Amino acid sequence: MSIQPFSVRFDLLAGKRSPLCVGIDPTAETLARWDLPFSAEGARVFGLELVEAVGDVTAVFKPQVAYFERFGWQGLKAVDEVLRHARSADALAIADVKRMDIGSTLEAYAAAWLGEDAGIRADAMTLGAYMGAGSLKPVVERAAAAGAGLFVVVRSSNPDGIALQNARHEDDRTVAEALADDIAAFNAPRLDANGLGPVGAVVGATLDDADAVLERLKSSIVLAPGIGAQGATMADLKARFGRTAARRAMPTASRQIGNAGPSRRAIREVVLRLAEEAHDLR
Ligand SMILES: O=C(O)c1cc(=O)[nH]c(=O)n1[C@@H]1O[C@H](COP(=O)(O)O)[C@@H](O)[C@H]1O
């Protein structure tokens, strides 16, 4: 049986639950706060606990793989388990890996994370595009065939990205605007009934000047980090993205949620509040 496209699965779940994406970032500070060891086991328990606490009300989980990878193969085994647990709660799981390379190598990264035969299976993964939009082609093909999603960083939430992403091409488009056009071109032949394709974008909820890229990203789900620890609120996101783009947004928060723990009740309270606010975006 062929799997439905990621965009369709997200739309259904976001309607039923909320478009909020719960980030799973077992930082050293958060593990200490939870009284968990700074180890693969600590990261594993942290991830599984978050899914246990809010798996029934969350549409999407996004483990930040860096915080697992740093513990070597045990960390990768842990993130595999967390991804499985999230998927078994009928939520979508995004592997936040920000991979980037020439197309042939990127294809291997896609095989590592996406599709039935993936080394470690997620429903979607994050990517960088500094090696050119063309390098993304094999990943887009794999994702589309596997019903998986991609999130390409277009405008990052951190201020360090501004100069690079807003640099201008000769045709006056910024690097980010040109990338948004490339994403739209990838999606065009692969749109679902809602006009969304497999290639999503990352646009920070912290940005005041993202209108021009959002305008070009009409066929993308927009993963919006920066809520909570980086200072943005859901109301900021709504004001900054405008009504239309906010409807396609997948706001995400990690430390704000993780640091509410380890009490499951406290985590649930924060997530339910954010989920309700996120629901209002639609
Ligand atoms: O792709 C991402 O998720 C991402 C892109 C971006 O522009 N900024 C950003 O913060 N992120 C990730 O989103 C998470 C944000 O964590 P908090 O600031 O704790 O909510 C981290 O795992 C980041 O790696």
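Defining a contact as two alpha carbons under 8 Å apart and six or more residues distant in sequence, what relative contact order in percent does the chain show? Walk me through the numbers on the way to the answer.
Details: 579 pairs, mean separation 55.2, N = 282.
The normalised contact order for the chain reaches 20 percent.
Report, for the range 6-277, the % of DSSP beta bridges that are antiparallel, rounded to 5. All intermediate terms of the calculation are to be shown ahead of the outcome.
Values: 1 of 29 bridges.
Antiparallel bridges make up about 5 percent of those DSSP assigns within the range 6-277.
Which trypsin sites (Lys or Arg not before Pro) in the range 1-78 sit in a loop by DSSP (not H, G, I, E or B) and have at most 11 other Cβ atoms within 10 Å of their own Cβ?
Numbers: sites: Arg9, Lys16, Arg17, Arg33, Arg44, Arg70, Lys77; in loops: Arg17, Arg70.
Within the range 1-78, no trypsin sites (Lys or Arg not before Pro) qualify (loop, at most 11 other Cβ atoms within 10 Å).
Pull out the extension gain between Phe38 and Arg265, defined as 0.36 nm times the separation in residues minus the alpha carbon to alpha carbon distance; nm, one decimal. Walk me through the intermediate numbers first.
On the way: separation 227, 0.36 × 227 = 81.72 nm, distance 2.34 nm.
Contour length minus the Cα-Cα distance gives 79.4 nm.
Relative contact order for the range 54-191: what is it in percent, counting Cα pairs under 8 Å that are at least 6 residues apart?
Values: 207 pairs, mean separation 24.1, N = 138.
Computed over the range 54-191, the figure is 17 percent.
Which residue, Met234, Ala180, Trp113, has the largest displacement toward the positive end of the dipole of the chain when charges sit on each Cβ (Lys, Arg +1; Asp, Glu -1)?
Met234
Counting only helical runs of four or more DSSP H residues, what would the 222 nm mean residue ellipticity of the chain come to if each run contributes -39,500 (n - 2.57) and the total is spread over all its residues?
Numbers: 13 runs with 131 residues, N = 282.
Taken over the chain, the calculation gives -13500 deg cm²/dmol.
Quick check: pseudo-label points 7 Å beyond the Cα along Cα→Cβ at Asn166 and Gln4, how many nm apart are they?
Once both label points are built, they end up 3.9 nm from each other.
Measure off 7 Å from each Cα along the Cα-to-Cβ vector at Met131 and Ser104, then give the distance between these two points in nanometres to one decimal.
Once both label points are built, they end up 1.1 nm from each other.
Measure off 7 Å from each Cα along the Cα-to-Cβ vector at Ala185 and Leu12, then give the distance between these two points in nanometres to one decimal.
Between Ala185 and Leu12, the simple spin-label model gives 3.3 nm.
At a threshold of 8 angstrom on Cα-Cα distance, excluding pairs fewer than six apart, so keeping six or more, what relative contact order does the range 145-232 reach in percent? Spell out each step's value before the answer.
On the way: 142 pairs, mean separation 29.0, N = 88.
33 percent.
Only Cα pairs within less than 10 Å get springs; with that Gaussian network setup on the chain, which residue of Leu191, Leu179, Leu127 has the largest fluctuation?
Among Leu191, Leu179, Leu127, the largest GNM mean-square fluctuation belongs to Leu191.
So, with +1 on the Cβ of K and R and -1 on the Cβ of D and E, and no other charges, what is the size of the charge dipole of the range 20-102 about its Cα centre, to the nearest 20 debye?
Numbers: 9 positive and 13 negative charges, 46 e Å.
Rounded to the nearest 20 debye, it is 220 debye.
Using the Cα centre as the reference, give the magnitude of the dipole from point charges on the C-beta atoms of the chain (Lys, Arg: +1; Asp, Glu: -1; all else neutral), rounded to the nearest 20 debye.
Details: 32 positive and 36 negative charges, 106 e Å.
In total the dipole reaches around 500 debye.
No lab work stands behind these numbers, since they all come straight from the coordinates. Predicted, not measured: the structure shown is a model, and the values here were computed from it. Positions of Cβ are backbone-derived with ideal geometry, glycine not excepted, and every protein chain shown enters the neighbour counts.
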